[in-house]
Amino acid sequence: MKFRRLSVILGLCLLAGTSVQASWFKESDLIQTGVYYYPEHWDESQWERDFKRMHELGFEFTHFAEFAWAQLEPEEGCFDFTWLDKAIGLAAQYDLKVVLCTSTATPPVWLSRKYPEILLCQENGTVLDHGARQHASFASPLYRKLAFRMIEQLARRYGHDARVVGWQLDNEPAVQFDYSPTAEEGFRTYLQNKYNSISRLNQAWGTNFWSQVYSSFDEITLPKTAQVFMNHHQILDYRRFAASQTNDFLNEQCLLIKKYARNQWVTTNYIPNYEEGHIGGSPDLDFVSYTRYMVYGDNEGIGRRGYRVGNPLRIAWANDFFRPVKGVYGVMELQPGQVNWGGINPQPLPGAVRLWLWSVFAGGSDFVCTYRFRQPLYGTEQYHYGIVGTDGVTVTPGGREYEQFMQEIKMLRHSVQPRNKQPKEYVARKTAILFNPENSWSIERQKQTYLWNTLGHIEKYYRTLKSFGAPVDFITEKVSLSDYPVVIVPAYQMADRMLVDKWISYVENGGNLVVTCRTAQKDRCGRLPEAPFGSALTPLTGNEIEFFDLLLPADPGVLQMDGKEYTWNSWGEILKPDAEAQVWCTYSREFYEGKAAVTFKKMGKGTITYVGVDSKDGQMEKEILKKLYARLGIPCMDLPYGVTLEYRNGMGIVLNYSDCPYRFKVPQGSRILVGSAEIPTAGVLVFSIGDK
Ligand code: GAL
């Protein structure tokens, strides 16, 4: 009987593989909050005081050993964990779990001096040196070997340590463009593996053009930026190679840790540079996390004080990009106050730090960690705020906002609802945006107009969706589309037949696809197919593309839709629709006056909307989506820019990044949990969604 019960439990665990993984984070915690600490920066006698303070403020975990390779391995092959043992032990005394880091962003000086070949070489020949950070090349097999030796020691020592909950690899690992001989060698090997024969490479890169033909892989070098007419098929592969170096390095670190780790998660802290092309590229990471800084001088916010609040979609977009990668995500660094590295480093508006915390929560994150507990007294990051100030004890205004957030979360933990308890109309609006950074790389090389901006184009749709109060997932081609009532495919320049077929079958089976200009115009090598321009999409849209046009900034074109006018100049395809299509928007002025810019048609059980033009301000895109969602009977909100609404755990979270108060109509049957219906600038409202 006992056995039977056990096997049933085991069976359930196997079936629910993902929920076993998600058990790193308890639903009943809602979100956990942590803070970076660098024991090596402070006198050992202060550690206990600092951990006690962290605990009193409400933090639940801390984060060690991010840049401490020199302390972990002071001499080659000699490891010292006494300081880390002590710090972990003290943290545990104050109920602080620990996230450990692999320190690979800062190799010690003995390493760089003894093995200078690991140093990253810039394209202009400058070899990076000791004295800053991130100067080692991920493409160097020797560097990897030395890094793995150190990581293995760490993992062996702490992999079984229940006080350690997880691992962060490296620090903000970026795609490196290393021009060292090792990287060049690595690029050749990559190409050899990819193409097998030089003739296939020649074909893929179109090397008959300008006598670029290669007779062996040894002749290939890294593309030079100074050569502005460099073969862009080659650049595409170089970027793929560069991304793969970062991805492989991280993945190998991860697998090494997993050899020892018991019930500990492994992630890293990416900067959300979506076009860089590596986020999500290390398959064995348990989930991806990001770092976010909101106020650093660029006026990205709304109104006069917007620069103190930040861009309203900056955290939302990161949430919607990172969450779908594995379903679970975390935020590893969030600014606690003033930073030191911006063009201008202003104080955040009172309330803004808490607003960002709630923004992270709204997206579904399981944890949020702030950079950093103490303000540094020396080194490159002097003037960077912490949770406490330069005296090590005075809590900063941002520190107080963290405290408030953590208290609010603890209060909400008394009655936690399931994560996916969300109103029906919210779920009905769920929309995916298909994204592949390679499209940006490719378009960027041949923009045809400097007015084009790929992310800006995508943002026009994203911003609209957020104003609808829609949950959005940025997804890759691997994800099944059928979970989404609407999928947007913006400027997806490189596609193959298989992908187009996938889109067709999504639509035929009832999906609603919105495809925008520039999509499927090139193959995966970036070549134009030998067929009428843009015709790869004709089986889907029914449209032929007569030509495309680009206009001068001072003389934008005009579009007509439902009696209203919109302007454009950065890309316009002149469409020849088939008989079944409805024309939703036409060009006026110019010699193609009256011709189609946007078409809509039904296909199978679904619909396909093709938007062949990029408007100046996103108004046309907004009207198209409004019209489409109305037709589909999908209920949408009309939130002003700066106000967002998300739902999780049976709660609605409304965030106000705008420069004036916003009054939210709290639905009947809902109860306000945090804040009030009148939400001030940088304010937050949390309400329970009731039981209907
Ligand atoms: C981040 C970085 C941290 C720290 C921080 C300062 O980009 O990951 O290590 O330098 O900036 O704001």
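Between a residue in segment 515-527 that is buried (at least 24 other Cβ atoms within 10 Å of the Cβ) and any residue that is at pLDDT 95 or above and of a type in the set (D, E), which pairs come within a Cβ distance under 7 Å, given they are 6 or more apart or on different chains?
C517/E573; C517/D614
Restricted to segment 379-388, and to residues that are in contact with a strand residue (DSSP E or B) (Cβ under 8 Å, 6 or more places away or on another chain) and assigned to a loop (DSSP other than H, G, I, E, B), which residue is farthest from the ligand (Cβ to nearest atom)?
Across segment 379-388, the extreme among qualifying residues is I387.
If I ask for residues that are within 33 Å of the chain's Cα centre (by Cα) and under 12 Å from C525 (Cβ atoms), which ones from segment 207-232 would you list?
Residues satisfying the conditions are N231, H232.
Could you list all residues from segment 293-347 that are part of a loop (DSSP other than H, G, I, E, B), polar (S, T, N, Q) and more than 12 Å from the ligand (Cβ to nearest atom)?
Listed by number, the residues that qualify are N299, N311, Q347.
Conditions tested, residue by residue: (1) surrounded by fewer than 18 Cβ atoms within 10 Å (Cβ to Cβ); (2) modelled with pLDDT of 95 or more; (3) of a type in the set (G, A, S); (4) in the same structural domain as P437 (by TED's automatic domain parsing).
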site: W167; (1), (2), (3), (4): no, yes, no, no
site: F187; (1), (2), (3), (4): no, yes, no, no
site: R200; (1), (2), (3), (4): yes, yes, no, no
site: V213; (1), (2), (3), (4): yes, yes, no, no
site: F217; (1), (2), (3), (4): yes, yes, no, no
site: T225; (1), (2), (3), (4): yes, no, no, no
site: Y238; (1), (2), (3), (4): no, yes, no, no
site: Q264; (1), (2), (3), (4): no, yes, no, no
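So that you can scan it fast, the table gives a plain yes or no per residue for (1) closer than 18 Å to G379 by Cβ; (2) within 16 Å of the ligand (Cβ to nearest atom); (3) basic (K, R):
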{"residue": "L100", "(1), (2), (3)": "no, yes, no"}
{"residue": "G131", "(1), (2), (3)": "yes, yes, no"}
{"residue": "H135", "(1), (2), (3)": "yes, yes, no"}
{"residue": "P141", "(1), (2), (3)": "no, no, no"}
{"residue": "R144", "(1), (2), (3)": "no, no, yes"}
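Considering segment 539-549 alone, what residues qualify as being under 13 Å from Y587 (Cβ atoms) and surrounded by fewer than 17 Cβ atoms within 10 Å (Cβ to Cβ)?
E546, F547
Of all residues in segment 363-378 being in a loop (DSSP other than H, G, I, E, B) and more than 10 Å from the ligand (Cβ to nearest atom), which is surrounded by the most Cβ atoms within 10 Å (Cβ to Cβ)?
The residue in question is S365.
Given the structure, is Y179 surrounded by 16 or more Cβ atoms within 10 Å (Cβ to Cβ) and without any contact (Cβ under 8 Å) to a residue 12 or more places away in the chain?
Considered against the rule, which asks whether it is surrounded by 16 or more Cβ atoms within 10 Å (Cβ to Cβ) and without any contact (Cβ under 8 Å) to a residue 12 or more places away in the chain, Y179 comes out as no.
Which condition breaks for T106 when tested against (1) more than 16 Å from the ligand (Cβ to nearest atom); (2) open to solvent by less than 60 Å² (accessible area, probe 1.4 Å); (3) not aliphatic (A, V, I, L, M)?
Looking at each condition in turn, T106 falls short on (1).
Could you check segment 27-41 and list, in sequence order, the residues that are in contact with a helix residue (DSSP H, G or I) (Cβ under 7 Å, 6 or more places away or on another chain) and more than 21 Å from G330 (Cβ to Cβ)?
P39, E40
Charged (D, E, K, R) and under 25 Å from I315 (Cβ atoms): is that true of R445 in this structure?
No: the conditions fail for R445.
Go through segment 275-292 and report how many residues are open to solvent by 20 Å² or more (accessible area, probe 1.4 Å) and either away from the ligand (no atom under 15 Å from the Cβ) or in a loop (DSSP other than H, G, I, E, B) (or both).
7
Might you check whether a residue that is at pLDDT 95 or above, assigned to a strand (DSSP E or B) and over 28 Å from G364 (Cβ atoms) occurs anywhere in segment 518-530?
Checked segment 518-530: at least one residue is at pLDDT 95 or above, assigned to a strand (DSSP E or B) and over 28 Å from G364 (Cβ atoms).
Taking the conditions exactly as written (among the aromatic types (F, W, Y) and crowded, with 21+ Cβ neighbours inside 10 Å), does Y307 satisfy them or not?
yes
Identify, please: which residue in segment 119-140 is more than 14 Å from P108 (Cα to Cα), more than 28 Å from the chain's Cα centre (by Cα) and of a type outside the set (G, A, S) and is, among those, surrounded by the fewest Cβ atoms within 10 Å (Cβ to Cβ)?
Taking the candidates together, the pick is N124.
Which one is nearest to L119 (Cα to Cα) among residues in segment 147-165 that are open to solvent by less than 10 Å² (accessible area, probe 1.4 Å) and part of a helix (DSSP H, G or I)?
A147
Identify all residues within segment 389-408 that are surrounded by 24 or more Cβ atoms within 10 Å (Cβ to Cβ) and either without any contact (Cβ under 8 Å) to a residue 24 or more places away in the chain or within 13 Å of the ligand (Cβ to nearest atom) (or both); write none if there are none.
Within segment 389-408, G398 is the sole residue that qualifies.
Could you check L256 against (1) over 30 Å from M150 (Cα atoms); (2) assigned to a helix (DSSP H, G or I) and say which number it fails?
(1)
Residue under question is D638, and the condition is that it be farther than 26 Å from N569 by Cβ and either modelled with pLDDT under 95 or not assigned by TED's automatic domain parsing to the domain that holds F361 (or both); does it hold?
The answer is yes for D638.
Among the numbered criteria (1) at pLDDT 95 or above; (2) loosely packed, with under 15 Cβ neighbours inside 10 Å, which one does R589 miss?
With respect to (1) at pLDDT 95 or above; (2) loosely packed, with under 15 Cβ neighbours inside 10 Å, R589 is out only on (1).
The values are calculated or read from the model by the stated rules, or taken from the named source; none is laboratory data. The model shown is predicted, which means the values in this text are computed figures rather than measured ones. Cβ: placed from backbone, ideal geometry, glycine included. Neighbour counts: every protein chain shown. Keep in mind that these areas ignore ligands, DNA and RNA; they rest on the heavy atoms of the full protein, side chains included. Shrake-Rupley method; radii C 1.70, N 1.55, O 1.52, S 1.80 Å.
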